Amino acid sequence: MHELAIGWHAIVSTWAIPASIIGVIWGIFGGALPGISPSIAMALLLPFTYSLDPVTAVVLLGSVYVGAEYGGSIPAILINTPGTNSAAATTIDGYAMHLRGEGGLALGISLTSGFVGGLFGLLMLVMLTEPLAELALAFTPPAYFALGLLGLSVIASLSGNSLGKGLLSGVLGLMVATIGTDPLSGASRFTFGVPDLIGGVKPILIMVGLFAVSELLVQVVEPQWKKVSGSDMRLRLPDWKLWKRLWKCEAIGCAIGTVEGITPGAGGTIAAFLSYNEAKRWSKYPEEFGHGSPEGVAAPECANNVVTGTALVPLLSLGIPGSNSAAVLLGGLLVHGLVPGPMLFERTPEVAYGLYAGLFVANVVMLLVGFVILSPCIWLVNRPQPYLLAFIFALIVSGVYSIEQSFFQVGIVFATGLLGYGMRRYDVPILPMVLGVVLGFMVESNYRRSLLLSGGDHAVFLSDPVSLGLLVTALAMLMFTLWRERRKAAPSTASPGAR
Amino acid sequence: MSFRTSIAIARDTVVGMAALVIAGIYAFFSLEIPHTLLADPVGASGLPMAYAIALALIGCVLIARSPGSRAPAGDTIASSRAHSNAGRHLRAIGLLLPGAAYLLLVSSLGYFATILLLIAAVALYAGARLNLALVSISALGAAAMWVTFVMLFKIPLPPGSVWAGIFR
């Protein structure tokens, strides 16, 4: 109760509520634009958060995330093009409903299921984060090093089809994290006499470059997305009879979204497809799936909105960003000198609980804004793509400069964008590099600090119980991911011979 | 070997080679890191060297996993697709040119004029037509950016040395 009061006080005594409204609107617009994922929509706003107080900044970013997950379903339902990856499952039945003249109802189901999922995800976030974070209070330098390794072990599950490329991306991130003044000896590393590099390369620059700039480079050679017909398009909420039919698939979405959200690297897309599959399996009308089933919209939309809350559990409790959006939110915290984990709740409870309260407000705002934003969204999606790209480019350039009034940093963002484009084209996953940049400092400084304290004895990492536990967990996670990948690959390698 | 498989393997080779080059350069500069009296047992260059070795090993693994990686000789479909892909990549990367020009010009022309030119140039590059609409939208966009960053956020963006010289 006391925590609830802190959260509410934090958001009413700052600009968090207006920021939440702006964030949801921005997120819905961003999500509605194919190619602009929630993390990109968040990354575009990241530079602006510098000038905001920490509570307003994290609420703004969290609200963008919430809004974008709903926004992604708008083009998925109207033009069969998912605005976000996690809305891909919604296209199957959402678009079929639209073709049947029930596009407004599909959008209504998406909105209400998203609201239910968002609130459930928030509940899970509140219930699970703090107990996990309290464990981290017993952390020593060896334990922090082991935690960093645990975070890096997530790379295995973020690597897509190639573990080698995922590791490569992660090591690149670790390399970037070594640029600047050495944390222990004070020696300059890889600065080449450039004053802007002495303080290191800020993770925010890497994120904006890898996510936003590289996406612009991809979009400039992509064909224009289809136009939306906005005539007679009105959002319609499901009636009581339909609600009774939808609750079961929403429960499925809630359960799967919780598990997938907490698991680093899984995310909303997997949750949405799994929920769609399970909803079909448990439905009384499985034959309707694929032909415009309302349950086929409700289940994935509920699941991907649950993930907006549960994906933040490993981030806030242990400081491990398990998804692109969580990584950008981490960037927002780091910008204000806040490190996620138990200390966040101890030292700045208003930020942690303020984020909870802000996410609640964001979900309510999403429900209200969802009614009125459809027409502006259709207008925006129908704008000529060249102008949209130009404005996003100008926003990136201006936003990055405003961080520290440095054009050198804008150059770093361009260079990172180019690298990100190359990585995308060669199927090298981006998120491991972000993880490397974010966790690199923690890994190196605590590794060396531990050895300094132990006189160079590596046994210190095994004698500390928390460190040992985390190392074993990291190893178990790694082994589990490798086993899962091997199982996944087994049928595809067997199939050629079977033909 | 299918077209898709050969492309994927060729990509692994390219990525592996790039990793080796980056690892080599990074290792070279790691050796240049000065040793100080405050150095701990690992030292400032300890982990950078480990990262360089790790990257080189990953690069070797990626290359080794793709023996005979090239697409079959005379595969005209593969070569023509690769050619058109190269054109697409160049066009995509070319989007950064207006950004580079912006960085070069902003101090002299000032934020308003340069961001206006940037919006127009990027829109043109992305396929917009040069007409009155383009000029008007770019001017409106630049004004919106100016109001947001300079007036609202109070960011000291460059006013432009050229204008200072003219209007002195």
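Readers should treat all values here as calculations from the given coordinates under stated rules, not as data from a laboratory. What you are looking at is a predicted structure, and each value in this text was computed from that prediction instead of being measured. Note that we place each Cβ from the backbone using ideal geometry, even for glycine, and neighbour counts take in every protein chain shown.
What FRET efficiency comes out for A:L453 versus A:A476 if R0 is 35 angstrom and r is the Cβ-Cβ distance? Round to the nearest 0.05.
Working: r = 27 Å, r/R0 = 0.77.
With a Förster radius of 35 Å, E is 0.85.
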*Ordered by residue, what ³J(HN,Hα) values in Hz, to whole numbers, does the stretch A:248-261 give under the Karplus form 6.51 cos²θ - 1.76 cosθ + 1.60, where θ = phi - 60° and Gly and Pro are x?*
5, 6, 5, 4, 4, x, 5, 5, 5, x, 5, 5, 5, x
*asked:* Under 5 Å between amide hydrogens, which residues at least 5 positions from A:R189 or on another chain qualify, with H placed 1.01 Å from N in the peptide plane?
replied: A:G180, A:T181, A:D182
*Spin-label pair A:M343/B:A86, simplified geometry with 7 Å Cα→Cβ offset, distance in nm*: 5.1 nm
*Helix A:103-135 vs. chain A, principal-axis angle (Cα, 0 to 90°, nearest 10)*: 30 degrees
*Using label points projected 7 Å from each Cα along Cα→Cβ, tell me how many nm separate A:D196 and B:M17, to one decimal.*
3.1 nm
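Per residue of A:46-58, how many C-beta atoms from partner chains lie within 10 Å of its own C-beta, taken as a mean? Before the final figure, lay out each step's value.
Numbers: counts 0, 3, 3, 0, 2, 4, 1, 0, 0, 0, 0, 0, 0.
Counting other chains' Cβ atoms within 10 Å and averaging over A:46-58 gives 1.
Between rounded, prolate and oblate, where does the stretch A:265-412 land on the alpha carbon gyration tensor, with a ≥ b ≥ c its root eigenvalues, rounded for a/c under 1.5, else prolate if a/b exceeds b/c? Write out the running numbers ahead of the final one.
On the way: a/c = 2.17, a/b = 1.32, b/c = 1.65.
In terms of gyration-tensor shape, oblate.
With contacts defined as alpha carbon pairs under 8 Å and 6 or more residues apart, what's the relative contact order of chain A in percent? Walk me through the intermediate numbers first.
Values: 959 pairs, mean separation 145.2, N = 499.
Normalised by residue count, the contact order of chain A is 29 percent.
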*For a footprinting-style exposure proxy, rank A:L149, A:L132, B:L104 by other Cβ within 10 Å, fewest first.*
B:L104, A:L132, A:L149
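So what's the projected area for the protein assembly as shown, the Cα convex hull averaged over all directions, in nm²?
Result: 32.9 nm².
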*Note down the magnitude of the dipole of chain A about its Cα centre, charges +1 on Lys and Arg C-beta and -1 on Asp and Glu C-beta and zero elsewhere, to the nearest 20 debye.*
1140 debye
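Taking beta carbons within 10 Å but only from partner chains, what does the mean come to for residues B:92-101? Intermediate results must be reported in sequence, preceding the final value.
On the way: counts 12, 7, 3, 13, 9, 0, 4, 11, 3, 0.
Per residue, the number of nearby Cβ atoms from other chains is 6 on average.
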_For a test of understanding, tell me how many lysine pairs in the protein assembly as shown have Cα atoms under 28 Å apart, given they are 8 or more places apart or on different chains._
10
*Which parts of the stretch A:100-121 would a label at A:S375 reach, counting a residue when its backbone N lies under 17 Å from a point 7 Å out along Cα-to-Cβ?*
A:104
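Working from the pairwise distances between different alpha carbons, so that the mean of 1/r is found and then inverted, what is the stretch A:105-212's Kirkwood radius in Å?
Numbers: mean 1/r = 0.0556 Å⁻¹.
About 18.0 Å for the stretch A:105-212.
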*Along the charge dipole of chain A, Cβ charges K/R +1 and D/E -1, which of A:G290, A:T112, A:I155 sits furthest on the positive end?*
A:G290
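Only counting other Cβ atoms within 10 Å, I'd like A:T129, A:T191 sorted with the fewest neighbours first.
By the 10 Å Cβ count, ascending, the order reads A:T191, A:T129.
With the cut-off at 1.5 for a/c, could you classify the stretch B:83-141 from its C-alpha gyration tensor as rounded, prolate or oblate?
Working: a/c = 4.24, a/b = 1.44, b/c = 2.94.
Cα axes put the stretch B:83-141 in the oblate bin.
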*Which value at 222 nm does the protein assembly as shown reach when only helices count, each DSSP H run of 4 or more adding -39,500 (n - 2.57), with the total divided by all residues and rounded to the nearest 500 deg cm²/dmol?*
-23500 deg cm²/dmol
*For a footprinting-style exposure proxy, rank B:T36, A:T90 by other Cβ within 10 Å, fewest first.*
B:T36, A:T90
